[in-house]
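What follows is one structure encoded as structure tokens, with my remarks underneath.
The values are calculated or read from the model by the stated rules, or taken from the named source; none is laboratory data. Note that this is a predicted model, so its numbers are computed, not measured. Here the Cβ positions follow ideal geometry from the backbone for every residue, glycine too, while neighbour counts run over all protein chains shown. Note: areas computed on protein heavy atoms with side chains; ligands, DNA, RNA excluded. Shrake-Rupley method; radii C 1.70, N 1.55, O 1.52, S 1.80 Å.
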Amino acid sequence: VPCAPVNISVEEDEPGHLLVSWSSVSFGHSYVVFVKSDDGLEVHCNTSYTQCHFQSDCGFTYFISVFAYNRAGQSPLGDIFNYTTAPCCPGDLRAVFTSGDTVRVSWAAVRGADLYETRAAGGSGAVLCRDTAAACTLSALRCHTRYSITVRAVSEARGTNTSCTPHYVTTAPCSPEIKNISKEGLSVIRVLWQSNNEEATYVVTARGEAGLWHCTSTGNSCTLMDLPCGSAFSVSAVARSPAGQSLPSYSVPLETAPCCPNDLILTQVTQSVTNISWSVGMGAQTYITTLESPKGQAECHTLQNYCLLGCITCGTNYTVSLRAVSETGLTSSCTYQGYSSNACCPSGVKLYRLSNNDIRVFWRASDETVNYNADLRGSKGNFSCTPSSGLSHCDITEIPCGDVYTVVVAPVTDKRPKLTFCPKKIYSVTCSGSSVGMVIYRGKSNAKHI
């Protein structure tokens with residue numbers, strides 16, 4: 001019988017194919033190669049050459065024996081050669097992001113693997129993980145980067161299977177950075193950020209006690225519309241893409257200008273002083289009110305919602321404006337309907353006695369186009385008269401004598417309360433004889449007959 005073949009070698013010329021070769025022996029006419037895998041399955045090859053091909057699977061150990069044959073019979077058993085194929089590539093690969101820069105990779109365990117090597121390559125760097133478990137967590141990945149993730153099984157006998165196909169993932173966009181917030185108009189705010197992602201959509205959110213406002217853009221700016229006045233917000237931005245959503249940007253505080261007060265009311269207190277009051281404007285801390293005319297202006301700066309403006313010229317049309325100022329200095333300029341101060345009070349008010357119980361009230365008008373009203377108030381009755389336009393006197397008939405009268409002559413106002421700040425004069429209407437009497441001025445100076 002021939003001797004047992006020697007110099008047996010096994011080569012894996014390509015994955016899944018084993019080439020078994022040996023040296024020829026004297027008197028060996030044919031050869032039989034037996035290949036038995038570690039799961040008990042055995043195949044053989046009958047050939048007259050000194051090599052044989054076999055199909056193989058990854059992750060198996062094969063035991064190989066070669067016999068030579070001739071007419072005398074079978075050679076004795078030679079060396080049993082064992083060969084272990086590289087472990088299989090992990091299958092059912094899954095990559096799930098647990099955060100913007102961390103991905104958990106899992107796979108089905110494979111035969112022949114002693115440990116697994118996971119490598120994520122992208123951008124200018126790579127992250128490597130080695131573990132015996134069929135899962136690995138890759139952290140500190142760069143945002144907005146496409147990574148090639150390859151999981152390779154490693155065995156102590158054969159090393160690493162380098163033929164595994166990579167799996168591709170893209171990390172979430174990078175967080176934008178808000179660069180500027182500017183006021184474009186009333187209740188209109190423009191937000192500008194640094195765009196560091198491609199093909200991302202940005203969502204800007206203004207969050208405050210008044211609610212939420214959003215704007216969206218694919219560029220590097222967007223406009224928040226209809227923000228309420230006198231409100232404080234925290235503005236942040238996020239980037240969105242098919243890969244996910246970025247972490248929000250750092251928040252930037254935003255304060256809208258204070259609201260203009262409603263219900264501005266002007267009341268003339270004296271001939272040169274006017275009281276202005278208004279409702280509270282949301283977000284306003286101080287107020288600056290101004291009455292302006294060609295004859296001059298009056299202004300006050302106050303923490304209250306009212307103020308007295310002095311140096312007002314009577315009979316003058318004024319433009320009314322108010323500025324509401326916030327604690328941080330934001331200002332809203334508010335305009336209101338114009339204001340006309342009352343006509344000036346007349347001077348030189350005197351009483352003249354006519355026949356019987358008739359009294360003539362005389363004054364010097366400040367404006368001939370203004371109508372005036374004269375009031376006499378005494379213990380025996382109240383009397384008033386209003387002359388025709390342009391006259392500076394009027395007559396009151398049947399006034400009782402022997403009484404003291406308070407006389408006030410004031411301009412007539414339309415749709416306003418009767419003026420009470422014009423000076424008052426006190427006269428005594430005395431009786432002399434039957435109905436003849438005298439009118440005596442009883443002011444601060446000495447009494448005098450008129």
Residue-wise HN-Hα coupling along the stretch 252-267, computed from phi with Karplus coefficients 6.51, -1.76, 1.60 (Hz; x: Gly, Pro)
10, x, 9, 10, 8, 4, x, 6, 6, x, 9, 6, 6, 10, 10, 10
Alpha carbon centre of the stretch 391-416 versus the stretch 312-360: separation in Å?
22 Å
Sequence-distant or interchain residues sharing an amide H contact under 5 Å with Cys345, placed H: which?
none
Packing rank of 304-311, 406-413, where each peptide gets the mean count of other beta carbons within 10 Å, highest leading:
406-413, 304-311
Once you list every other residue whose beta carbon is under 12 Å from the beta carbon of Phe60, what net charge do they have if Lys and Arg are +1 and Asp and Glu are -1?
-1
As an exercise, take the mean of 1/r over every pair of distinct alpha carbons in the stretch 177-255, invert it, and state the Kirkwood radius in angstroms.
12.6 Å
Give me the extension gain from Gln337 to Cys45: residue separation times 0.36 nm, minus the current Cα-Cα distance, reported in nm with one decimal.
94.2 nm
Could you give P(r) for the stretch 20-173, binned at 5 Å from zero, as whole percent values over all Cα-Cα pairs?
2, 9, 16, 14, 11, 9, 8, 7, 7, 6, 5, 3, 2, 1, 0, 0
Residues of the stretch 94-170: accessible area per residue with a 1.4 Å probe, Å²
53 Å²
Computed ³J(HN,Hα) along the stretch 278-287: with the Karplus parameters 6.51/-1.76/1.60, θ = phi - 60°, integer Hz and x for glycine or proline, the list is 8, 6, 6, x, 4, x, 8, 9, 10, 9
Normalised contact order of the stretch 27-160, rounded percent, pairs of Cα under 8 Å and 6 or more residues apart:
20 percent
With a 1.4 Å probe and all protein chains left in place, how much of the accessible area of the stretch 177-255 comes from carbon and sulfur atoms, in whole percent?
50 percent
Given a 1.4 Å probe and heavy atoms of the protein chains only, how would you sort Ile8, Ile265, largest accessible area at the top?
Ile265, Ile8
Considering every Cα-Cα pair within the stretch 87-181, what fraction, in whole percent, is farther apart than 24 Å?
26 percent
Given the stretch 263-322, what whole percent of its Cα pairs are spread farther than 14 Å?
51 percent
Net charge near Ala172: determine it from the other residues with C-beta under 14 Å of the C-beta of Ala172, scoring Lys and Arg +1 and Asp and Glu -1.
0
Ranked from the most accessible area to the least, with a 1.4 Å probe and all protein chains present, what is the order of Val252, Val361?
Val252, Val361
Could you order the peptides 212-219, 390-397 from most to least packed, using the average number of other C-beta atoms within 10 Å per residue?
390-397, 212-219
Where Rh denotes the Kirkwood radius from the mean inverse Cα pair distance, what is Rg over Rh for the chain?
1.61
Can you tell me which of 191-197, 14-20 comes out highest on packing, and rank the rest after it, using the mean Cβ neighbours within 10 Å?
191-197, 14-20
